[in-house]
Amino acid sequence: MKTKVFLFAICAFIFAGCSSTIKYSESVGFVDYSEYLNEGIFITESNSVNFAHTPLGSISVEIIDGFKKGVRNSKFKYADMNGQQHNTEEFEYWATGSYSHALRLAIEEVKKKGGNGLINLNISVSTQLIDKEYRTVYSLTGMAINKK
């Protein structure tokens with residue numbers, strides 16, 4: 001009898017340690033539009049506005065988490081084949097996106113096109129299977145305008 005109880009206890013311990021459960025999590029994303037208002041950029045999620053404006057075009061931004069190349073100061077100074085001294089080195093690091101970064105990229109493009117507004121703004125985040133790995137994808141769409 002003691003052997004059966006002992007075996008049952010060991011089995012219960014083994015199976016309890018092997019259980020895989022999906023963990024609960026919460027995530028909140030917030031983008032502060034006031035930073036861009038101070039730069040003279042009008043932003044709204046509405047698809048219509050009650051002031052005169054010139055539509056410049058649709059804009060879309062997509063950011064996918066992944067490895068990114070960077071440059072940093074090197075511990076070692078070295079000379080290349082041409083004799084030039086180098087103090088930096090290239091490296092790769094894991095870069096993650098954000099709502100704010102997606103909006104920053106969109107606003108930079110709006111400004112390049114001569115615009116001062118972004119309407120029908122839609123920002124979303126999803127997890128997608130890319131190259132056999134689940135990665136976070138931030139997507140932004142909207143219409144660049146020139147507010148008169």
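The values are calculated or read from the model by the stated rules, or taken from the named source; none is laboratory data. Predicted, not measured: the structure shown is a model, and the values here were computed from it. Reconstructed Cβ throughout: ideal geometry from the backbone, glycine too, with neighbour counts over all protein chains shown.
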What's the total number of residues in the stretch 44-95 that are loosely packed, with under 11 Cβ neighbours inside 10 Å, modelled with pLDDT of 90 or more and not in a strand (DSSP E or B)? 4
Could you check how many residues of the stretch 129-148 are farther than 15 Å from residue 51 by Cα and either over 21 Å from the mean Cα position of the chain (by Cα) or without any contact (Cβ under 8 Å) to a residue 60 or more places away in the chain (or both)? 5
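Looking only at the stretch 99-114, count every residue that is in contact (Cβ under 8 Å) with a residue 60 or more places away in the chain and surrounded by 16 or more Cβ atoms within 10 Å (Cβ to Cβ) and tell me the total. Before the answer, list the steps.
Here is the first cut: in the stretch 99-114, the residues in contact (Cβ under 8 Å) with a residue 60 or more places away in the chain are 99-100, 103, 107, 110-111.
Still in the list and also surrounded by 16 or more Cβ atoms within 10 Å (Cβ to Cβ): 99, 103, 107, 110.
Number of matching residues: 4.
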